[in-house]
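The values are calculated or read from the model by the stated rules, or taken from the named source; none is laboratory data. Just so it is clear, the model here is predicted, and its values are computed rather than measured. Cβ atoms come from the backbone with ideal geometry, glycine included; neighbour counts cover every protein chain shown. In case anyone asks, the SASA skips ligands and DNA or RNA and just uses the protein heavy atoms, side chains included. Shrake-Rupley method; radii C 1.70, N 1.55, O 1.52, S 1.80 Å.
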Amino acid sequence: MQVTTSKLLTLILSATLFSFQAIARPTVGLVLSGGGARGAAHVGVLKVLEELRIPVDVVAGTSMGSIVGGLYASGMSVAEIEQTINSLNWDYLLEDDPGRANLSLNRKIQEDLFSTEISPGYNNGSVQLRPGLITGQKVVLVLQRLTTQVAHISDFDDLPIPFRAVAADIVTGETVVLKSGNLGRAMRASMSVPTIFAPVEVDGRILVDGGIADNLPVDVARQMGADVLIVVDVGSPLRNKDQITNALTVTDQLTRLLTGRNVIASLSSISADDILIKPILGSITAIQFDRAAEAVPLGEAAAREASAELLNLSLSVEDFASYQANLNRVPSGDRTVRSISLDNRSNVADEVLQKRIDVKTGETLSLDQLEENIGRMHSIGIFEKVGYDLVQHRDGVDIDLFATPKSWGPNYLHFGMSVDGYFDGDNSANLILGYTRTDLNKWAGDWTTLLQLGDEPRFLSYFHQPLGVDLKYFVQPSIDLKKTNWGVFNDGDKIAEYRLVENELEFLIGKDFGTRAALALGLSRINGEIELFTGDPTLPEEQFDDGGIIVRFRYDTIDDIDFPSTGNEIRASYYQAHESLGADEDYIQWRLRLNGFRSFGKHTVGLSMKVGGIEDGTASLSRRLFLGGFFNISGLKPNERFGQYLGVVGAVYYRRYDRIKFLSAFLGGTVEYGGVWDDTDDISSENSLFAGSLFLGLDSPLGPILVGWAYTDEGDDLYFIKLGRFF
């Protein structure tokens, strides 16, 4: 084939012209500021840039700007980024724990003992707080999933669009520009708002949100070679005096002050050729991630207002298509798993963690399966971070897993309160203190001690030791010393109050069925006495002994012990008292409790049933069945009636109100029907009660609080306030 001189000249001229145009076109840098949930406005700006065919050659972002910018630079389309932001469950992502339903039964019982969620560390004689309210365990997993197609790229210049994430060194205060490493982890480091998110260690430096050093990284984009900048500022304005009301708003204002000063410096360096876009985001705050979707159209509107300036950078349809076609192409690579390694820094044996990993070499990597395995490891409860890195090779991918214990552990303090108050002055209050030592040995043993001070003192200490690498079986010895008050009532008036003193030793051996259920068999030995506390001696003071065989089963998927929204619970127990094991007489006690909760939006409905009986003898007072208290015939006071048989069915409804962030209120009521009887012949509708209550609840930092009114169809009527566990 011959090429004529004219055709050759035409080809050379066309190539030269294309090269000249490529050289003549300025390098466009996109600068995306931090701003928390307000940063979703960046997506709206990107939509307009693509609509106007504006090329983006380099991206620099801080905090939320680094997330949107990093996803865009990784090759995600704007539509995919918007869909991701709209679909993310931020409430779930901003919680570190696997969720109560996914905790082991031991962890559920342990947490249920204390009414507050605050559990600081206590190590080397000093109290250690969490490095942030949120460690970001779930956030980093999501970011890694979203960028998995570029997980094998360590140099951010090799991404489809060169990218930089900006963080700050909390030790020196210096700006740290992240240009290599794991993209998901770099974005997570850039968004580590001090006191809210835990810092991230990268290359030996402790990194926090880049906003405190360079929230609008104009200089970073210029250093990447940008000639013209499109700068998007979504930072929050300073709060006024009336808006600074608590520790959180003070911290937020300090962050805004630090951010605002460096933003002013960045804005002063913008040239006349640069384009500044500042969306008007109204009342959307940095922490209102549930409103992130609202920010997208506001960013789009702001970009359209700047369209006259943006059009100066617009390319023709052909040139924009050529620009997109020439973006760095990233090969996905072979996703066959070549190897799996584990970096375990706890006392728990590697074999225990490996037992929770069912990803296998030679198979195609499944992120769903990998994340499920990581969740299993995290549910052990001793780790601050469990994660992974992927190392891509020509013939497959290596998975590097790591498990880092909580930096404020392994010793923890717990706190709680228990208050039963009635407007007639009949009140009971207790302060609860606790201590847990975790990560005791290779099989994840832990030791928990509770000390209750107040009207009903208690000392409880138990050692929970799983057995074997799968941690399915366990042994649990315990000691429980407690004093419980219960009243003797006549027509609703307390005429006497007794104190039941119990000293119990218990030894259980059991099996866990996943995280939902456990079956235990053991021995119990109790000695105690009944003391007159106040009032007329209507019952004799006496000592008693009890001892026998215990069988317990518990199934628990309740998502929240205080105000559940979903889940079911089954508690069943069988106790056989034997004189040969120390009991005053032989008898059998059995109990069954069923609870179920379902939610419909902010509305929750729960159903409950409690039944029990004592057969073939008379139980000691420590094993009697007591009636009274909230959701146990609410119109009666706690332990107001007792007997050999008990049966109660009930329903509860409440509506959730979230007008105050981090503080939920509930308005609801209960209806209950049942009673307690000394003999099966006494069980009848004539000897049963109908009861109900109306209440206002608050999920407070001190624990759940209820204020309400309760009644029975026998004329009992009372107003109450409760603090502590009540469902």
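A few points about this structure:
- Accessible area of the chain divided out per residue, in Å², using a probe of 1.4 angstrom: 46
- Each Lys or Arg adds one and each Asp or Glu takes one away; over the other residues whose Cβ falls under 15 Å from the Cβ of VAL676, this sums to -2.
- Cross-link reach list, lysines versus LYS494, counting only Cα pairs under 28 Å and skipping chain neighbours closer than eight places: LYS482, LYS483, LYS610, LYS637, LYS722
- DSSP beta bridge pairing in the chain, given as percent antiparallel to the nearest 5: 90
- Qualifying chymotrypsin sites (Phe, Trp or Tyr not before Pro) in region 321-425, where qualification requires a DSSP coil assignment and no more than 14 other C-beta atoms within 10 Å, comprise PHE423.
- Accessible surface of the chain, 1.4 Å probe, proportion on carbon and sulfur as whole %: 56
- Descending by average beta-carbon neighbour count within 10 Å, the peptides 137-145, 497-505 line up as 137-145, 497-505, the highest first.
- Residue among VAL142, ASN262, LEU481 farthest towards the positive dipole end of the chain, charges placed on Cβ: ASN262
- The alpha carbon centroids of region 284-348 and region 68-113 are separated by 19 Å.
- Computed from Cα positions, the angle between helix 137-146 and the longest principal axis of the chain comes to roughly 40 degrees.
- Of LYS360/LYS442; LYS385/LYS602; LYS385/LYS442; LYS108/LYS138; LYS138/LYS442, pairs whose Cα-Cα distance is over 22 Å: LYS360/LYS442; LYS385/LYS602; LYS138/LYS442
- Placing dummy labels 7 Å off each Cα toward the beta-carbon, the span from THR566 to GLU585 is 5.0 nm.
- Descending by average beta-carbon neighbour count within 10 Å, the peptides 358-368, 223-233 line up as 223-233, 358-368, the highest first.
- ALA168 sits among other residues whose Cβ lies under 12 Å from its own Cβ, and their net charge, with Lys and Arg +1 and Asp and Glu -1, is -3.
- Contact order relative to length of region 537-685, as percent, for alpha carbon pairs under 8 angstrom and 6 or more apart: 16
- Nearest 10 degrees, 0 to 90: helix 247-268 Cα axis against the chain principal axis: 0
- For VAL202, distant residues with modelled amide H under 5 Å away: LEU207
- Three semi-axes of the equivalent ellipsoid, region 358-476, Cα gyration tensor, whole Å, largest first: 43, 16, 13
- Note that region 42-54 has calculated 3J(HN,Hα) couplings of 4, 5, x, 5, 4, 4, 6, 4, 5, 5, 8, 6, 8 Hz, one per residue in order, obtained from phi through the Karplus relation 6.51 cos²θ - 1.76 cosθ + 1.60 (θ = phi - 60°); glycine and proline are x.
- For region 118-135 versus region 669-723, the gap between their alpha-carbon centres in whole angstrom: 39
- Cβ-Cβ FRET estimate between LEU702 and GLU318, R0 fixed at 51 Å, reported to 0.05: 0.20
- Separation between Cα centres of region 461-497 and region 178-225, rounded to whole Å: 49
- For the residues GLU640, GLU201, a 1.4 Å probe over the protein chains yields an accessible-area ranking, largest first, of GLU201, GLU640.
- Rounded to the nearest 20, the size of the Cβ-charge dipole of the chain about its Cα centre is 2760 debye, with Lys and Arg at +1 and Asp and Glu at -1.
- Charge dipole (region 145-195, unit charges on Cβ, about Cα centre) - positive-most of GLY184, PRO160, GLY173: GLY184
- Database remark: amide H of ASP586 closer than 5 angstrom to the amide H of GLU579 (H placed geometrically; neighbours at sequence offset of 5 or more, or on other chains; Pro and chain starts carry no H).
- Note on the chain: helix-only mean residue ellipticity at 222 nm, from DSSP H runs of 4+ residues weighted -39500 (n - 2.57) and normalised by residue number, equals -6500 deg cm²/dmol.
- Simple rule: put +1 on each Lys or Arg Cβ and -1 on each Asp or Glu Cβ in the chain, find the dipole, and look at PHE459, ILE721, ALA349; the Cα lying farthest toward the positive end is ALA349.
- Option label - Rg/Rh (Cα atoms, Kirkwood Rh) computed here, alternatives [x] 1.01; [y] 1.08; [z] 1.12: [y]
- Around the Cα centre of region 298-430, unit charges on the Cβ atoms of Lys, Arg, Asp and Glu (plus for the first two, minus for the last two) sum to a dipole of about 500 debye.
- 0 to 90° range, to nearest 10: angle between helix 367-378 axis and the chain longest Cα axis: 40
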